[in-house]
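Structure, as structure tokens:
The values are calculated or read from the model by the stated rules, or taken from the named source; none is laboratory data. These numbers come from a predicted model, not from an experiment. Virtual Cβ from ideal backbone geometry, glycine too; neighbours counted across all protein chains shown. Ligands, DNA and RNA are excluded from the accessible area calculation, which covers all protein heavy atoms including side chains. Shrake-Rupley method; radii C 1.70, N 1.55, O 1.52, S 1.80 Å.
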Amino acid sequence: MRAEGHGSGKIILCGEHAVVYGHPALATGIDRGTTVVLERAEGPTTVHSDQGVDERLEHALRVVLGGNGLRVHIASDLLMGRGMGSSAALAVALVRANAQLFGMTLSADQEHAQALAVESVFHGTPSGLDNAVAARGGMVRFVRGSDGPTITSLPSFPHPIAVFDSGRAGDTRQLVAGVRERLDALGSVLQDIGDLCADIEQQLGDVHTLGPLMTANHDLLRRLGVSDAGLDQLVLTALSCGATGAKLSGAGGGGIVIAVGPDPADIVARAKQQGVDAHLVHPIPRAR
Ligand code: PMV
């Protein structure tokens, strides 16, 4: 008996960190993700992953699977710990494979709740943004509320995205906690990010107007204290390679910088010539 589930990775276009405090964020599913295969087997559950197995992963698996009777295979083409939603994609893939194994049909809400419990092992108290996108694909506006999130599907993001890898993993839990500690000193930065996100939503179709707004979002993330010299340099490199705008994406402190422009493949090619680890990702339409 074999079951398989998939969750897609995501790119946050705007609103990271501010989303934790109820401001909107925009994110899209991408053509990279994580697949989990479950097979029944005798004895204790074993885990095989092409990206290695650590304590947190084993804990996350136990949240859903228990300790016995399965062989678990995990395959992913997402960069780990880089703000591309690798843990949410894993969580969704795992919940889906497990439901299939037991012949259960989960509603979107049930799937979201189970996946969030798994992702919490990695992230503490995630806003749920990553999970929403990992489960649906497509482009969403996500607003966290006291009675649960409001997730609105938007038209697919129409541009390939240039992704620059800093080569360093950011620690989402620590970065979110750091922003919380600095809240009193942050003034209107979170509100400004929320306002910018509303503007960005109006400009998604045109990279010439969208780009500068994304760079403005990066500047606000710098003021939040979640960027660093390496990420700021990647933003400048993207702009010098033909991007109309660029920003860190995800929690920061490492991770990735994303860039848009009229010729994203050329941005990637030029950045690679400068020694940057760059690649192109493609937004995917909504799956369910
Ligand atoms: O997990 P990351 O790196 O994609 O960051 C998630 C976005 C945050 O807003 C920083 C945290 C959250 O839970 O929304």
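Going from the alpha-carbon gyration tensor of region 124-194, what semi-axes, largest first and in whole Å, does one get by taking the root of 5 times each eigenvalue?
24, 19, 14
Taking Cα centroids, how far is region 125-148 from region 169-205 in Å?
16
Normalised by the residues of the chain, what does the relative contact order come to in percent, with Cα pairs under 8 Å and at least six apart?
24
Evaluate Rg over Rh across the chain, taking Cα atoms for both radii and Kirkwood's formula for Rh.
0.97
For region 158-288, what value does the Rg/Rh ratio take when both radii are computed over Cα atoms and Rh is the Kirkwood radius, given to two decimals?
0.97
Could you work out the Rg to Rh ratio of region 1-120, with Rh taken as the Kirkwood radius (inverse of the mean 1/r over all Cα pairs)?
Across region 1-120, the Cα-based Rg/Rh ratio is 0.99.
Normalise the Debye intensity by I(0) for region 230-288, one equal point scatterer per Cα, no solvent, then take log10 at q = 0.19 Å⁻¹ and round to two decimals.
-0.65
Measure off, as a whole percent, the carbon and sulfur share of the 1.4 Å-probe accessible area of region 134-288, all protein chains present.
Carbon and sulfur: 50 percent of the exposed surface of region 134-288.
Go ahead and collect, in residue order, the members of region 229-253 whose backbone nitrogen is under 13 Å from a label point 7 Å along the Cα-Cβ direction of GLN203.
Inside the label zone: 244-247.
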